[in-house]
Amino acid sequence: ITHTSSRTTIVFIVVALICAFVPAFSVEEAETKSLWDTCLLKISPKCALDIIGVVFENLTITDACCHDLVQEGKMCHDTLIKYIAEKPHLPHLVAHETEYLKKSDDLWTHCVSISQTA
């Protein structure tokens, strides 16, 4: 059951990523989308999915993806997580906000430490 639930959540996250590229946004969403686009220039779609997977699904991330994330900066990392978490078709994430924010911070700390040792 957990595996099926996990796959369902991943599908919703992929849908959210696809929706990120649809140009029908409010002004605030347009600003977030612009920051999203600017921040993710060096992060591959797979790496972006890995980052989301770590925060929302307990997956793992590669050192190379960590380097890309740190290179883009904390604000970009936070924007990616916030953008996914605030999608209206993912309301179950709101109930777990404290958990995913901690995972997001833990991921950032992990990636910074990986980048500093390289």
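The values are calculated or read from the model by the stated rules, or taken from the named source; none is laboratory data. Bear in mind the structure is a predicted one, so any value in this text is a computation, not a measurement. Surface areas here come from the heavy atoms of the whole protein model, side chains and all, with no ligands, DNA or RNA. Shrake-Rupley method; radii C 1.70, N 1.55, O 1.52, S 1.80 Å.
Evaluated against (1) at pLDDT 85 or above; (2) open to solvent by 50 Å² or more (accessible area, probe 1.4 Å), Ser34 falls short on exactly one condition, (1). The residue of the stretch 80-118 that is farthest from Ser34 (Cα to Cα), among those that are of a type in the set (Asp, Glu) and either modelled with pLDDT under 90 or within 12 Å of the chain's Cα centre (by Cα) (or both), is Glu99. Considering (1) assigned to a helix (DSSP H, G or I); (2) at pLDDT 85 or above, the lone condition that Leu59 does not fulfil carries the number (1).
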